[in-house]
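What follows is a set of notes on a single structure, which appears directly below.
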Amino acid sequence: FVPAVLVLVVLLLFAWTAIDEPFSKSFYRAMAVLVAASPCALAISTPSAVLSGVARAARGGVLVKGGAPLEILGKVQVIAFDKTGTLTEGKPRLTDVVCAEGITEAQLMSVTVAVELLSDHPLAAAVVTGARARLQNLPVMEAHDAQSITGRGVKATVDGQVVTVGKEILFAETNSPTIPALLLDSLKTLKASGRTTMIVLRGNQYLGVLGLMDTPRGSARNVISRLRKLGIQGMTMLSGDNQQVANSVAQEVGLDEAMGDLMPDDKATASRKLSENVSVAMVGDGVNDAPAMVNATVGIAMGAAGSDVALETADVALMADDLNHLPFAVGLSRQTSQIIRQNLWLSLGMVAFLVPATILGLRLGPAVLLHEGSTLLVVLNALRLLEYRERD
């Protein structure tokens, strides 16, 4: 655009050689065209809208890391959610304790608590809290040499024996002893009821099974409904929990699909596949969600509850740990893109009008007035974003 305008102005400077007019008139016309074609409004049309959009997002509890994520978010067609801490409260509680034959609840819980005290996982904290609530005088045992098994469980040494606490798949992968039929039946029952299950193995002896439940956020179903009204085509859940638990939560909050039993790398792969054909946003809060956020078109972190890694990786952060901010952010992004388009058409339209008009004789004063007026109009149009409200 700029080279074309400069070439046009140079040609107009020599118009006096082709038509009968003084050089001063040709010079004046060329300068009028140069001022009229100056792309001030065009240059500021996008930055003004982006800055207004980012400012409005911050006031609404959403931290956006720049203009690109703000614009991309409005083009998202599919949203993938983590389960724990995102669609659920992230505060699981111990609901079921099933002891193996010959094992008391006190024996099971004292060994389990000793191991879980060495873990910083939310499920570990829930087990410790639940165990102490169930057994007021729970004996305290010491554990050491703790080893976290990513996405599977944890093991440590208690009273000279290795104790493993984790998912059923962990014991299949490590060639552990066969799980007793009684515990297998309990596992099936707990999974069918939407529980997250953990098996406790001490040495070669199974001590029992624990069932935990995390409550879906009260706002989750409403948020999903609002996102559908905004035109989001598909919503899925990527979870490390077993498939039955994932299906239960997905059905309760109204998602289209749930993928369970996923390791962090599996989440990243699923996110990458979803992003192959459409724009995808990944919403998560933990370290395990960071790879999936990176592979999505745009990553969104639950700000207050999110881990440092998730917040650093994400393009957008929902502060105050409020999922209700997600539809607001998507709607604001789309409104920002709409304002940008309006500004571009307005600025380009004014240039398209002023250039021929000045060539045909429009004076410099009116040209400047219209030109600068369009710049102010573009800025005022962008400032409307500061008063954006999500539609009912």
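The values are calculated or read from the model by the stated rules, or taken from the named source; none is laboratory data. The shown structure was predicted, so the numbers you read here are calculated from the model rather than taken from an experiment. Positions of Cβ are generated from backbone atoms using ideal geometry, with glycine treated the same way; all protein chains shown enter the neighbour counts. Accessible surface is based on the protein model in full, side chains and every heavy atom, while ligands, DNA and RNA are left aside. Shrake-Rupley method; radii C 1.70, N 1.55, O 1.52, S 1.80 Å.
Taking the stated definitions as given, is V50 assigned to a loop (DSSP other than H, G, I, E, B), closer than 30 Å to E276 by Cα, open to solvent by less than 50 Å² (accessible area, probe 1.4 Å) and touching a residue at least 24 places away in the same chain (Cβ under 8 Å)?
Considered against the rule, which asks whether it is assigned to a loop (DSSP other than H, G, I, E, B), closer than 30 Å to E276 by Cα, open to solvent by less than 50 Å² (accessible area, probe 1.4 Å) and touching a residue at least 24 places away in the same chain (Cβ under 8 Å), V50 comes out as no.
Given the conditions (1) part of a helix (DSSP H, G or I); (2) of a type in the set (S, T, N, Q); (3) in contact with a strand residue (DSSP E or B) (Cβ under 6 Å, 6 or more places away or on another chain); (4) open to solvent by 20 Å² or more (accessible area, probe 1.4 Å), report the number of the one that T112 does not fulfil.
Answer for T112: the failing condition is (4).
Hey, among the residues in the range 327-386 that are among the hydroxyl-bearing types (S, T, Y) and touching an Asp or Glu at 6+ places or on another chain (Cβ under 9 Å), which one's farthest from E21 (Cα to Cα)?
S333
Kindly indicate whether any position in the range 13-28 is open to solvent by less than 30 Å² (accessible area, probe 1.4 Å), of a type in the set (G, A, S), out of contact with any Pro (no Cβ under 8 Å at 6 or more places or on another chain) and in a helix (DSSP H, G or I).
Our first condition is that a residue be open to solvent by less than 30 Å² (accessible area, probe 1.4 Å); within the range 13-28, this holds for 15, 21, 26.
Now restrict to residues that are of a type in the set (G, A, S): 15, 26.
Subsequent filtering for residues that are out of contact with any Pro (no Cβ under 8 Å at 6 or more places or on another chain) retains 15, 26.
Okay, now just the ones that are also in a helix (DSSP H, G or I), so 15, 26.
Scanning the range 13-28 turns up at least one residue that is open to solvent by less than 30 Å² (accessible area, probe 1.4 Å), of a type in the set (G, A, S), out of contact with any Pro (no Cβ under 8 Å at 6 or more places or on another chain) and in a helix (DSSP H, G or I).
Which members of the range 115-126 meet the condition of being of a type outside the set (A, V, I, L, M) and open to solvent by less than 30 Å² (accessible area, probe 1.4 Å)? Walk me through how you get there before you give the answer.
Of the residues in the range 115-126, the ones of a type outside the set (A, V, I, L, M) are 116, 119-122.
Residue satisfying the conditions is E116 alone.
Suppose we filter the range 256-277 for residues that are basic (K, R) and in contact (Cβ under 8 Å) with a residue 12 or more places away in the chain; how many remain?
Residues flagged as basic (K, R) and in contact (Cβ under 8 Å) with a residue 12 or more places away in the chain within the range 256-277 amount to 2.
Please determine, by comparing only the residues of the range 352-371 that are surrounded by fewer than 21 Cβ atoms within 10 Å (Cβ to Cβ) and among the β-branched types (V, I, T), which one is nearest to L12 (Cα to Cα).
The residue in question is I359.
What residue, of E89, E105, E101, is open to solvent by 40 Å² or more (accessible area, probe 1.4 Å) and under 25 Å from D266 (Cα atoms)?
Exactly one of E89, E105, E101 is open to solvent by 40 Å² or more (accessible area, probe 1.4 Å) and under 25 Å from D266 (Cα atoms), namely E89.
Condition first: surrounded by fewer than 24 Cβ atoms within 10 Å (Cβ to Cβ), charged (D, E, K, R), touching a residue at least 40 places away in the same chain (Cβ under 8 Å) and assigned to a helix (DSSP H, G or I). Now tell me which residues in the range 278-319 satisfy that.
Passing the criteria: none in range.
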